[in-house]
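Below: the structure, in structure tokens.
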Amino acid sequence: MTAGFMLAVFFQTRATALMAAETKAMSDLATVEALINLQYPGPWKIKDGVLYKGEAKINDNFAIVDYVEKLTGDSCTIFLNDVRVTTTVRDDQGNRAVGTRASREVVQKVLGAKQEYVGEAYVVGRKYQTAYKPITDESGEVIGMLYVGAPRTFYDTILYGSLKVMGLVAVVLTLVIGLGAWVFTQRTIIDPLQEIIAGTRRVALGSPGQPVAVHSNNEIGELARAFNQMVEGMQALANELGKVAGFAQNNGQLPLAKTVASPVNQQEIEIVPKSQEELPKGLNRVTLEQVVRFLERNKNSGVSSDEVAEGVNLSKVTVRRYLDYLERCGLLDIDQKYGSVGRPLKIYRLKT
């Protein structure tokens, strides 16, 4: 994020800094021209190979260019054709670069095409943000150039100063957003998942314990609610199995050999015989108990096998196997209900 932000800022700031540097160079060039015209009235001309402004000699006249540099902070040069005759630009030894020539690109545009040049240019081996303007005599002939240049440090100060500030802002924003994302992820995803994992481990160790306390409405919350339902179902099943096993142990009966209170006469009615025989293969004691309970609830009206299957949420084939078993045990009364067509419908009732 920081890298992308900094890249966008770099290109935007570079364009802004370049525009600011060019604007300053053009403004300073106009200032220099006004100062020279004010200080030295009269036309530009060449006498005996020397550049004059009015009656003032420009060659080696450093007063005007030094004043411009002090006033604007820019380097300043006046050219006779493409040769520097007065300048503030210095070479590597610290000497004024008088007698050196302008770059070919500048000469072609200013002296050749008679146009102003604004942009980056090398001046005595160093890059400046420059502005050049042709100098013409009374006849309109181009006889030299007027130059001002902002050193690269001006451009770099704008560019890299802005980048430092924006970079610091980008880093702070990245840290804040990253911290916020971490906290959000920790609270909404990681912590709830750890709760579910811990609950799953408790179930695996045989101790379901308390339900998982997750209250979010996202997918993690759905997972937690499904887990809690599973745990509740397992606890309920375990309780039922414990009750059945305890009843069988205490009474010497099959796990389903139990009595229930009749809602009609509140008398104890035995619904499974006291027998020690094992259930037939494929039958389950818990499922058999569910079927018996459903029959008990509907013993007055009687029910069909389809109604039993729907009531205990089992397939019709499975329910018929349990009904046949109860019928063989002599626990069911079966009535035939005839319709207009087809086979008669069997109605099952528990014997009282």
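Do we find that V107 is farther than 16 Å from V83 by Cβ and among the β-branched types (V, I, T) in this structure? So V107 does not fit the description; no. Is it the case that region 1-17 has a residue that's within 56 Å of the chain's Cα centre (by Cα) and within 18 Å of P134 (Cα to Cα)? No: region 1-17 contains no residue that is within 56 Å of the chain's Cα centre (by Cα) and within 18 Å of P134 (Cα to Cα). Tallying residues that are within 22 Å of K47 (Cα to Cα) and among the charged types (D, E, K, R) within region 85-113 yields 1.
Limited to region 28-44, what total is found for residues that are out of contact with any Gly (no Cβ under 8 Å at 6 or more places or on another chain), surrounded by fewer than 18 Cβ atoms within 10 Å (Cβ to Cβ) and not polar (S, T, N, Q)? Qualifying residue count, region 28-44: 5.
Being open to solvent by less than 20 Å² (accessible area, probe 1.4 Å), of a type in the set (K, R) and modelled with pLDDT of 90 or more, is that true of even one residue in region 75-98? Yes, there is a match, as at least one residue in region 75-98 is open to solvent by less than 20 Å² (accessible area, probe 1.4 Å), of a type in the set (K, R) and modelled with pLDDT of 90 or more. If you go through region 92-108 and pick out every residue that is more than 16 Å from F62 (Cα to Cα) and touching a residue at least 12 places away in the same chain (Cβ under 8 Å), you end up with 7. Given the condition in contact with a strand residue (DSSP E or B) (Cβ under 8 Å, 6 or more places away or on another chain), under 24 Å from R126 (Cα atoms), free of Cβ contacts under 8 Å to residues at least 40 places away in the same chain and open to solvent by 40 Å² or more (accessible area, probe 1.4 Å), answer yes or no: does some residue in region 2-17 qualify? No; the residues of region 2-17 include none that is in contact with a strand residue (DSSP E or B) (Cβ under 8 Å, 6 or more places away or on another chain), under 24 Å from R126 (Cα atoms), free of Cβ contacts under 8 Å to residues at least 40 places away in the same chain and open to solvent by 40 Å² or more (accessible area, probe 1.4 Å). Pairing each residue of region 191-203 that is farther than 17 Å from G233 by Cα with any residue that is of a type in the set (A, V, I, L, M), provided the two are 6+ apart or on different chains, yields C-beta distances under 7 Å for P192/V214; P192/I220; P192/A224; L193/I220; E195/V212; E195/A213; E195/V214.
Within region 269-288, residues that are closer than 18 Å to K316 by Cβ reach partners that are at pLDDT below 50 and open to solvent by less than 60 Å² (accessible area, probe 1.4 Å) with beta carbons closer than 8 Å, at six or more positions or on different chains, in the pairs L288/L256. At least 1 residues being open to solvent by 30 Å² or more (accessible area, probe 1.4 Å), of a type in the set (D, E) and at pLDDT below 80 is the threshold, and among the strands (runs of 3 or more DSSP E) wholly inside region 259-352 those reaching it are 268-270.
The values are calculated or read from the model by the stated rules, or taken from the named source; none is laboratory data. Predicted, not measured: the structure shown is a model, and the values here were computed from it. So basically every Cβ, Gly included, is an ideal-geometry build from the backbone, and we count neighbours across all protein chains shown. These area figures cover heavy atoms from the full protein model, side chains too; ligands, DNA and RNA do not enter into them. Shrake-Rupley method; radii C 1.70, N 1.55, O 1.52, S 1.80 Å.
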